[in-house]
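Rule-based calculations on the coordinates, nothing more; no lab input. Worth saying up front: this structure is predicted, and the values here are computed from it rather than measured. Using ideal geometry, Cβ is built from the backbone for each residue, glycine included, and neighbour counts are taken over all protein chains shown.
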């Protein structure tokens, strides 16, 4: 990992290897990104500690959402405070309220599967 690696926050990270958020952390790290895991259950993913609080993180490039719209409301302020350049709404996380808030704050929104994007070099 280089010191200039872009910071990617996986929101909804899970220590369960079957979950897509777990696979996203692995894929991000494999490609040299600085993957930061934020979730509701503590644990680790490939040596990355899952933060169960809302840590302050500087210079976030992208937030990858892995929590459904019903639970996203608790994270609206946190997401906006991180000032990411982009939010990726993975399948099942689509939320037009959060999308509107993001656009009002000049944050790019993408509706796509981050794992597919990573595997096809369109990330």
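Assorted remarks:
- Sole residue being within 20 Å of residue 115 (Cβ to Cβ), touching a strand residue (DSSP E or B) at 6+ places or on another chain (Cβ under 6 Å), in contact (Cβ under 8 Å) with a residue 40 or more places away in the chain and surrounded by 13 or more Cβ atoms within 10 Å (Cβ to Cβ), chosen from 48, 9: 9
- Residue 26 more than 11 Å from the chain's Cα centre (by Cα) and assigned to a loop (DSSP other than H, G, I, E, B): no
- Look at region 66-86: where a residue is under 15 Å from residue 106 (Cα atoms) and a partner is part of a helix (DSSP H, G or I), sitting 6+ places away or on another chain with Cβ atoms under 7 Å, you get 76/98; 76/101; 80/101.
- Considering residues of region 69-95 that are within 17 Å of residue 115 (Cα to Cα) and out of contact with any helix residue (DSSP H, G or I) (no Cβ under 8 Å at 6 or more places or on another chain) only, the residue surrounded by the most Cβ atoms within 10 Å (Cβ to Cβ): 86
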